[in-house]
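Report on the structure given below.
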Number of protein chains: 2
Amino acid sequence: MPRMVADDIAVALRDRITSGEWSSLGRLPPERDLAAEFGVARNTVRRAFDSLQRDGTVIRQVGRGTFVARENANTMAATIARMEGTSPADMMEIRQLLEPAAAAFAATNASAGDLDAVREAHEAACAAGEMPDFEQWDAEFHHRIFSCSRNEFLKEIHNLMRILRNQAPWFDMKKRSFSETRRRIYCEEHGAVLAALLSRDPDGARKAMLAHLRTVERNMLGR
Amino acid sequence: MPRMVADDIAVALRDRITSGEWSSLGRLPPERDLAAEFGVARNTVRRAFDSLQRDGTVIRQVGRGTFVARENANTMAATIARMEGTSPADMMEIRQLLEPAAAAFAATNASAGDLDAVREAHEAACAAGEMPDFEQWDAEFHHRIFSCSRNEFLKEIHNLMRILRNQAPWFDMKKRSFSETRRRIYCEEHGAVLAALLSRDPDGARKAMLAHLRTVERNMLGR
DNA sequence: CCTCCCTGTACCAATATTGAACCATTCGGC
DNA sequence: GCCGAATGGTTCAATATTGGTACAGGGAGG
């Protein structure tokens, strides 16, 4: 069985841990034993454990052994779970931090094609009549600006925010705060951002985006 | 026996992928095995895969294998998976965006107890002798500043970055760029940040943190 | 004959696994 | 308190697996 064995073993180990097979004892069998049991070299078992250790499933200690981590707060999954409880106020604060910066990056780094895509989303949003349709293109407009920023990580953070904002409590809030007047204002403000991007003005884009987000905040949080 | 065997095999492969036969594992059988199974030469299987690769159905990696490309690009899990490929340069750019802001928030919002915790982490880092120990307290120092910011979402974003930076390629890079001199410089710079926090100076904290991150960037990316 | 596709083969480059040795730490028994 | 066994940490060279590339035929259809 000489194919990507380490990954398979990592999966097997994870299963046996979550199924509680060793969880009661806390301590796992030594690497050498597991290597023998799986019929692979110890290095391979170690590589499997490396990945379990990275995501916090397991803790290793020289001379003592390998242990299943107690309910762990530092795993990716736990972090995401906590993010789902993000308050609208916190979210808006971070948007006002990230989006103006993304707009500034975009003004500098975007290709002509990128900007075309942004304009397309803007025009679609302006043309959209109803709330879900507008909502969709509004989000797309913002996301395409992040795509222009040429920072993949920034883009993924925005993706995360977008997913969070699509969950239940947010959706209600957006629906409540929506109105035809506001839609028109958003379109104008988007237009200002787009204009700054097209004229390659980072500072103008930053300011236009910030102004837009302040409007959004006022509408959603009523400040 | 119709012509264009490669095309037929491409269709067959695509069917088996979309039917989910291998999609659960992610990894497809090696080309040599598939060639044997279909009773054709490996070159033919390769040409079939070429077309699947062109349209993004499949990803190939020398020495590892052929994998079905991830669908569901918009799920949380997929976003996280993409984040794991974040480049050090992109990550540093975002740190320079978020951490100075977090420091400024912290100077405004932290309680006395919060700042005590930051000082504790700072002193532990300065006292730590070896690389993993210092590394641990260094990360803790930064994280406690985010905790002071009173923005839960910001704190969780930093948590995410911290987890990503603990994964393999990053850890190697940090180990390589570590030196006693640099450790001392980091301690001094942390001290400056802490001083600004203690004197409740948001702008000073922002600037001190930015200066520190520029040093880190220089050391890690060699700029 | 020429062209195109498939076959078969050989080798290259990247990655994974193996097997072994040695180190560092912990723990239990003397 | 010391020693030895147990255990994770580290490193290295050798081997195996796998996709990437090139090339020399062979057979079918024009």
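The values are calculated or read from the model by the stated rules, or taken from the named source; none is laboratory data. Given the structure is predicted, the values throughout are model-derived calculations rather than measurements. Neighbour counts are summed over all protein chains in view; Cβ atoms, including those assigned to glycine, are modelled from backbone coordinates with ideal geometry. Quick note on the areas: whole protein, heavy atoms, side chains included, nothing else; ligands and nucleic acids left out. Shrake-Rupley method; radii C 1.70, N 1.55, O 1.52, S 1.80 Å.
Accessible area per residue was computed with a 1.4 Å probe on protein heavy atoms; residue A:91 scores about 0 Å². Based on alpha carbons, the Rg and Dmax found for the protein assembly as shown are 25.2, 83 Å.
Residue B:59 contributes about 90 Å² of solvent-accessible surface, heavy atoms of the protein only, 1.4 Å probe. Take the Cβ atoms of residue B:37 and residue A:78, set R0 to 41 Å, and the FRET efficiency comes out at 0.45. Computing FRET efficiency as 1/(1 + (r/R0)^6) for residue A:112 and residue B:192, where r is the C-beta to C-beta distance and R0 is 45 Å, gives about 0.55. Accessible surface computed residue by residue for chain A, with neighbouring protein chains in place and a 1.4 Å probe, gives 49 Å² per residue. For residue A:33, the accessible surface of its heavy atoms amounts to roughly 90 Å² (probe 1.4 Å, protein chains only, rounded to the nearest 10).
Shown are A:134, A:105, whose ranking by accessible area with a 1.4 Å probe and every protein chain present, most to least, is A:105, A:134.
Could you look at chain B and say what percent of its accessible area is carbon and sulfur, using a 1.4 Å probe and all protein chains?
With neighbouring chains kept in place, the figure for chain B is 51 percent.
With label points built 7 Å along Cα→Cβ from the Cα atoms of residue A:182 and residue A:67, find their separation and express it in nm. Reported label-point gap for residue A:182 and residue A:67 is 5.1 nm.
The mean sequence distance of close C-alpha pairs (under 8 Å, at least 6 residues apart), as a share of the length of chain A, puts its relative contact order at 19 percent.
Please list B:190, A:122 from largest to smallest accessible area, probe radius 1.4 Å, with all protein chains kept in place.
Details: B:190 0, A:122 25 Å².
Sorted by accessible area, descending: A:122, B:190.
Would you tally the net charge around residue A:153, using a Cβ to Cβ cut-off of less than 12 Å, leaving residue A:153 out, and scoring K and R as +1, D and E as -1? Please report the intermediate quantities before stating the final value.
On the way: positive: A:150, A:155, B:82, B:95, B:165; negative: A:152, A:156, B:84, B:90, B:93.
My count for the surroundings of residue A:153 gives 0.
Which order do A:60, B:206 take when ranked by solvent-accessible area (1.4 Å probe, heavy atoms of all protein chains), largest first? Spell out each step's value before the answer.
Values: A:60 45, B:206 95 Å².
Heavy-atom accessible area, descending, gives B:206, A:60.
Along each principal axis, taking the top coordinate minus the bottom one, the Cα set of chain B gives 82, 34, 25 Å in descending order.
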